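Everything on this sheet refers to the single structure shown next.
The values are calculated or read from the model by the stated rules, or taken from the named source; none is laboratory data. Because the structure is predicted, anything quoted here is derived from the model rather than measured. Note: ideal-geometry Cβ built from the backbone for every residue, glycine included; neighbour counts use all protein chains shown. SASA here: full protein model, heavy atoms, side chains in, ligands and nucleic acids out. Shrake-Rupley method; radii C 1.70, N 1.55, O 1.52, S 1.80 Å.
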Amino acid sequence: MAKYLGARPLLSRIKDNLPIIIISVFAIFLFVAIYIKGGNAQIFNTIITGGLWALLAVGLALVFGVMNIPHFAHGESFMIGAYVAYFTFTPMQEYLYEKPNEFLSMIAPLGAILTAGIAGAILGILIEKMIFSPLRRRTKKDWIMNAFLLTVGLSFVLSNGANLVLGPNFRGISRYWDVDAVEIGGAYMSVDRLVAFAISMVTIGALWFFLRRTRVGRAIRAVSQDETGAQLVGINLNFIQTLTFSLATAMASISGASLLFLFQAYPTVGGTPLYYAWYVVMMAGLGNVVGAIIGGFIVAMLQTATQLFVAVSWTTVLPTVVMILVLLIAPSGIFGSEVKGVQEQ
Amino acid sequence: MLELKNINAGYDFLQVLWDVSFHVDEGEMVALIGPNGAGKSTTLRTIAGLIDPKSGDVLFHGKVINDEPAHMISRMGISYVSEKLNLFTGMSVQENLLLGAYAIREKEVQLETLAYIFELFPRLEERKDQLAGTMSGGERKMLAIARGMMSKPQLMLVDEPSLGLQPSLTSNVFSALKQLRERGVTVLIVEQNVNATLSFTDRAYVLEQGKIVLEGPSKEIKANKHVRNAYLGI
């Protein structure tokens with residue numbers, strides 16, 4: 001009897017977590033397959049790309065969870081980060097070419113990336129105060145649709161603005177750090193890639209600590225769970241919303257800046273990162289920050305596996321197919337129990 | 001302490017409150033009773049700043065607070081425990097309580113209040129690491145009231161504390177409210193359980209169709225013929 005009682009909940013627990021179990025098995029399978037075919041090099045590649053998607057997707061998840069905005073101008077924050085890093089790094093590089101200084105040339109790239117992050121934070125505040133805050137004061141009706149359309153419009157304005165002011169040219173650098181690649185487990189990784197990965201992990205870790213352990217971070221989570229409740233305990237919604245948007249924009253700018261050597265800076269550079277970040281959050285569940293981190297690595301694995309086993313030109317196809325399959329089985333994503341942040345009036 | 005002057009309020013084109021005026025004095029426990037849809041919750045929501053009145057004034061300590069946003073009203077010392085509770089369901093009991101003290105920046109004061117709350121509601125201490133969303137209805141209500149107390153309010157607005165609770169839990173909630181009053185907190189309570197509420201409040205207002213139709217000491221209200229017929233079923 002007791003055995004029977006014990007067995008039932010286990011079965012139903014498996015049933016409840018079916019999407020998570022399927023995707024975990026699938027992820028382990030992919031990981032092993034990538035390792036067998038590509039070895040360490042491809043595994044590192046996957047992890048590094050995964051860190052990038054995770055950093056971008058966390059921003060999207062945060063903006064959706066706290067503000068209910070399906071953010072389609074996230075890629076433009078990436079683009080602006082890339083431009084800011086380019087325009088701060090190249091003068092420094094020229095200066096260092098004339099007057100070589102080993103210490104400064106180690107620090108300069110970090111300075112450029114940090115500048116891009118600060119510029120992104122300021123841009124986020126401006127966008128929130130000038131666009132979303134007025135919309136929120138005017139009406140909350142059809143908020144998600146209106147906010148979505150605004151972000152799409154914003155994306156056009158920003159990328160075409162960049163085109164108008166800076167032209168369609170690609171502006172890039174070959175590398176941030178002029179040093180040899182590092183050998184890890186038989187695979188050679190450039191320092192730029194390693195640092196880009198480290199930056200994304202540190203940024204995600206810092207965000208995690210901020211959300212979990214600080215008073216304001218707790219308030220951000222409170223707003224995402226119950227806006228009215230948050231107001232009732234004295235949380236200023238406007239402040240939290242501006243802060244959240246600013247954080248998300250800064251994170252996208254940082255990833256745009258730290259990947260300048262890979263993506264270059266040009267007006268439409270944000271497209272690809274935006275769509276991958278959206279694959280991640282749709283698959284993981286909208287508004288789920290932890291899901292976004294795990295999802296980032298799953299999408300990266302799918303990409304690498306496609307490149308290894310199918311063809312490079314199919315890289316975007318398979319993640320999309322998997323995303324559609326996931327949504328067919330679990331409409332609110334793998335880790336999304338229900339779309340919590342949404343409040344339709 | 002709190003005064004409403006000729007408040008007209010409602011939602012979009014639907015006016016709910018018509019010329020509502022009443023006052024709550026320091027240290028009092030006042031009940032607002034009335035049938036469903038009379039506008040009791042709307043009154044509390046207006047005071048808490050979740051709805052802006054169309055006309056009239058809400059005064060707190062003689063200062064007009066109509067235009068203040070909800071979070072500022074909470075920081076002034078008015079705590080609203082809503083009917084829907086508005087708990088942060090994905091967070092632990094302890095996190096919910098600490099968020100209740102969001103406006104208090106001093107860590108020691110926060111922890112002191114938390115210790116006091118745990119003394120008052122030992123049940124919450126037992127469950128402090130449990131997610132608020134997984135608690136039973138009675139525990140959630142306790143948590144909502146406790147969270148409301150965490151900001152050390154001068155005035156608490158409590159909306160339907162007994163709604164949906166079994167009788168034994170109801171008396172728990174009521175005794176918690178009585179303890180609040182002994183601590184010197186002013187309470188404005190909206191209740192359906194008219195008989196019990198009138199027995200432990202000082203004064204009461206009867207709200208019908210958005211208008212105050214009767215007011216007076218709770219004992220007199222309880223003895224009133226209209227109230228006895230309509231609410232007490234005697």
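The table for this structure:
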item	result
Nonlocal amide H pairs with B:Gly27, under 5 Å, H built at 1.01 Å	B:Thr186
Region B:166-234-region B:105-159 distance, computed between alpha-carbon centres (Å)	23 Å
Phi-based couplings in Hz for region A:205-222 (Karplus 6.51, -1.76, 1.60; Gly and Pro marked x)	x, 5, 4, 4, 4, 4, 5, 8, 10, 10, 5, 5, x, 4, 5, 4, 5, 4
Kirkwood-based shape ratio for the protein assembly as shown, expressed as Rg/Rh from alpha carbons	1.06
Under-5 Å amide H pairs with B:Ser92, H placed in peptide plane, nonlocal only	B:Ala132
Separation in nanometres of the label points that stand 7 Å from Cα toward Cβ, at B:Ser168 and A:Val317	6.5 nm
Cut-off under 5 Å, modelled amide H: who pairs with A:Phe335 long-range	A:Gly285
Choice from B:Met149, B:Met29, B:Met135 showing the highest fluctuation, given a GNM over chain B with Cα pairs closer than 10 Å	B:Met135
When the convex hull of its Cα atoms is projected in every direction, mean area for region A:19-340 (nm²)	17.5 nm²
Chain B - Rg (one decimal) and Dmax (whole number), Cα, Å	17.3, 52
Rounded to the nearest 10 Å², the accessible area of A:Phe89 at probe 1.4 Å	10 Å²
In region A:85-120, the GluC sites (Glu not before Pro) that fall in loop regions by DSSP, at most 12 other Cβ within 10 Å	none
Inter-chain shielding of B:41-49 (mean C-beta neighbours from other protein chains, 10 Å cut-off)	1
Chain A: most fluctuating residue of A:Tyr86, A:Tyr275, A:Tyr35 per GNM, C-alpha cutoff 10 Å	A:Tyr35
Protection proxy ranking, peptides B:33-44, B:92-103, B:52-63, A:291-302, average beta carbon neighbours within 10 Å, highest first	A:291-302, B:92-103, B:33-44, B:52-63
Most mobile of B:Lys219, B:Lys107, B:Lys141 in a GNM of chain B (Cα contacts under 10 Å)	B:Lys107
Within the protein assembly as shown, helix-based [θ] at 222 nm, where runs of 4 or more DSSP H residues each add -39,500 (n - 2.57), nearest 500	-19500 deg cm²/dmol
Residue pairs, from the table A:Lys129/B:Lys128; A:Lys141/B:Lys152; A:Lys15/A:Lys140; A:Lys140/B:Lys84; A:Lys141/B:Lys178; A:Lys15/A:Lys141, whose Cα atoms sit over 30 Å apart	A:Lys129/B:Lys128; A:Lys141/B:Lys152; A:Lys15/A:Lys140; A:Lys141/B:Lys178; A:Lys15/A:Lys141
In Hz, Karplus ³J(HN,Hα) per residue of region B:46-53 (6.51, -1.76, 1.60; θ = phi - 60°; x = Gly, Pro)	5, 4, 6, x, 7, 10, 8, x
In order through region A:237-253: 3J(HN,Hα) via Karplus (6.51 cos²θ - 1.76 cosθ + 1.60), integer Hz, x for Gly, Pro	4, 4, 5, 5, 5, 4, 4, 4, 5, 5, 4, 5, 5, 4, 5, 5, 5
Accessible surface of the protein assembly as shown [probe 1.4 Å, protein heavy atoms]: carbon and sulfur percent	59 percent
Gain on full stretching of the segment that runs from B:Leu214 to B:Leu59 - 0.36 nm per residue minus C-alpha separation	53.7 nm
Accessible area expressed per residue, the protein assembly as shown, with surrounding protein chains retained (probe 1.4 Å, Å²)	46 Å²
Largest to smallest accessible area among A:Glu227, B:Glu106 [probe 1.4 Å]	B:Glu106, A:Glu227
For region A:76-211, radius of gyration divided by Kirkwood radius, i.e. Rg to Rh on alpha-carbons	1.07
